[in-house]
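Let me begin by presenting the structure, written as structure tokens, before commenting on it.
The values are calculated or read from the model by the stated rules, or taken from the named source; none is laboratory data. Computed from a predicted model, the values in this text were never measured in an experiment. Here the Cβ positions follow ideal geometry from the backbone for every residue, glycine too, while neighbour counts run over all protein chains shown. For accessibility, only protein heavy atoms count, side chains too; no ligands or nucleic acids. Shrake-Rupley method; radii C 1.70, N 1.55, O 1.52, S 1.80 Å.
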Amino acid sequence: MSMEIAARTESLKQRARQLGFDLAGACPAVTPAGVTRLAEWLQHGFAGEMQYIERRRQAYAHPDHVLDGCRSILMLSMNYSVAAEQKESRSAGHGRVARYAGSRDYHDVIREKLNALTDFLRTLAPAAVARGVVDTAPLLEREFAQLAGLGWIGKNTMLLNPRRGSYFFLAALLTDLELAYDEPAATDHCGSCTACLDACPTDAFVGPHVLDSRKCISYLTIELKAPIPRPLRAGVGNWLFGCDVCQEVCPWNRFAPQTVDAAIAPQDHATSLDPCELLRLDDEEFRRRFRETPLWRPRRRGILRNAAIVLGNTRPPHGVAALAIAINDVEPLIRGAAAWALGQYGHDMAQTLLRQRADVEHDAEVREEIEFALAIRSAD
């Protein structure tokens, strides 16, 4: 390897750290070992409704499907961990938000930094072809991060770093240039620990390193467009958007450093939200409040569905008034979730609201939810 390549790689890493990336490692653009496991995972149906993964299945075979002529990848991480006293509040009846989503949309924040890093690369090599990506391209980021020495893939399928745990975003800068490659992370430090597998409220892990997305709370509250399957609703607990359980119990996160980037750090007011307040938001109010945040992804119908499920699980006394509004919402998905939640309350007022809606409900799925909810009281 030439001194020029080594110097260029080190300059890139230094600039990445200046821009706010915590870790940086280089690896060759090759077919990742995880491609075979991805195919098996898809074959088992573990992707659920995430059909875009299957559609782009062939593209995961090599990074040149993301950048034509790709030769090297600089893998990067950005920490979003916070101190214990800053973690989401546990207000009674409030819905928890995964801490990565408690601020601006991280895609926007990281893309700005990647654009700056790409511009810097072109000052080093004006003819270079490069592209920065943040988990939206068909690239197995964790596989390449491990190849670049950033960490190992834990039993919960997250990338783990011995000094920084797992509370970080991954990003990649792909280029047609040769870089000085780092040694791959060869050691799995999870050992015999199964804390993440044991703690999952919905038993989403088929086994170590294998996640059935269809049971994962993050999938259920973000990606799933349909009603959350009834047997899994109790396991969702008070998670309104995403889930951190398998990271919270991981020993490697106990001493992870805190983020110093205000644009990434979760804000206290955004990591614990009042589901009753959410159920009163119309389309315009929801857009104004969440358009520039990760919570925009499921749109209003998804977030309000989740809010109703949280109320059904936590049952704060004031929740019935909000559900009385939700059960008459224009969205059948929200009405169905509200019906289930009222059934969990089971008292006379909830039963009255269910019967009143039953008299005018025309959607078959919502009617079935109402009938199920009414039957709970009858069975007691």
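Determine which member of the set 159, 139 is touching a Pro at 6+ places or on another chain (Cβ under 8 Å) and within 21 Å of residue 36 (Cα to Cα). Before the answer, list the steps.
Working: 159 fails: touching a Pro at 6+ places or on another chain (Cβ under 8 Å).
Testing whether each residue is touching a Pro at 6+ places or on another chain (Cβ under 8 Å) and within 21 Å of residue 36 (Cα to Cα) leaves just 139.
Looking at 66, 82 in this structure, which one is β-branched (Val, Ile, Thr) and at pLDDT 95 or above?
On the way: 82 fails: at pLDDT 95 or above.
When all the criteria are applied, what remains is 66.
Read through the list (1) over 20 Å from residue 100 (Cα atoms); (2) open to solvent by less than 20 Å² (accessible area, probe 1.4 Å), then give the number of the only condition that residue 203 fails.
Unmet condition: (2).
Name every residue in the stretch 347-380 that is surrounded by fewer than 17 Cβ atoms within 10 Å (Cβ to Cβ) and outside any helix (DSSP H, G or I), in order of residue number.
Across the stretch 347-380, the qualifying residues are 347, 359, 360, 362, 363, 380.
Starting from the stretch 224-239, take each residue that is at negative phi and part of a loop (DSSP other than H, G, I, E, B) and list its partners that are surrounded by 19 or more Cβ atoms within 10 Å (Cβ to Cβ) and of a type in the set (Gly, Ala, Ser), counting only C-beta distances under 8 angstrom and pairs at least six apart or across chains.
Listed by first residue and then by second, the contacts come to 224/302; 225/302; 227/336; 227/337; 228/337; 238/95.
For the stretch 108-160, how many residues meet the condition of being of a type in the set (A, V, I, L, M) and either open to solvent by 40 Å² or more (accessible area, probe 1.4 Å) or within 17 Å of the chain's Cα centre (by Cα) (or both)? Don't jump to the end; show me each part of the working.
At the first step, the residues of the stretch 108-160 found to be of a type in the set (A, V, I, L, M) are 109-110, 114, 116-117, 121, 124-125, 127-130, 133-134, 137, 139-140, 145, 147-148, 150, 153, 158-160.
Those still in the list that are either open to solvent by 40 Å² or more (accessible area, probe 1.4 Å) or within 17 Å of the chain's Cα centre (by Cα) (or both) too: 109-110, 124, 127, 129, 133-134, 137, 139-140, 147, 153, 158-160.
Final tally of qualifying residues: 15.
Evaluate the stretch 226-235: report whether one residue or more is surrounded by 21 or more Cβ atoms within 10 Å (Cβ to Cβ), within 30 Å of residue 21 (Cα to Cα) and not hydroxyl-bearing (Ser, Thr, Tyr).
No, the conditions are met nowhere in the stretch 226-235.
Over 30 Å from residue 249 (Cβ atoms), touching a Leu at 6+ places or on another chain (Cβ under 8 Å), open to solvent by 40 Å² or more (accessible area, probe 1.4 Å) and not small (Gly, Ala, Ser) - does that describe any residue in the stretch 174-183?
So far as the stretch 174-183 goes, yes, one or more of its residues are over 30 Å from residue 249 (Cβ atoms), touching a Leu at 6+ places or on another chain (Cβ under 8 Å), open to solvent by 40 Å² or more (accessible area, probe 1.4 Å) and not small (Gly, Ala, Ser).
Test residue 211 against the criterion of being touching a Leu at 6+ places or on another chain (Cβ under 7 Å) and either at pLDDT below 95 or under 23 Å from residue 53 (Cβ atoms) (or both), and give yes or no. Step through it out loud before you land on a result.
Details: touching a Leu at 6+ places or on another chain (Cβ under 7 Å): no; either at pLDDT below 95 or under 23 Å from residue 53 (Cβ atoms) (or both): yes.
The answer is no for residue 211.
Only one residue in 263, 307, 341 is among the aliphatic types (A, V, I, L, M) and under 28 Å from residue 154 (Cβ atoms), so which one is that?
Working: 307 fails: under 28 Å from residue 154 (Cβ atoms); 341 fails: under 28 Å from residue 154 (Cβ atoms).
Only one candidate passes the filter, namely 263.
Quick one: which of 337, 321 is assigned to a helix (DSSP H, G or I), under 12 Å from residue 311 (Cα atoms), more than 30 Å from the chain's Cα centre (by Cα) and touching a residue at least 40 places away in the same chain (Cβ under 8 Å)?
Testing whether each residue is assigned to a helix (DSSP H, G or I), under 12 Å from residue 311 (Cα atoms), more than 30 Å from the chain's Cα centre (by Cα) and touching a residue at least 40 places away in the same chain (Cβ under 8 Å) leaves just 321.
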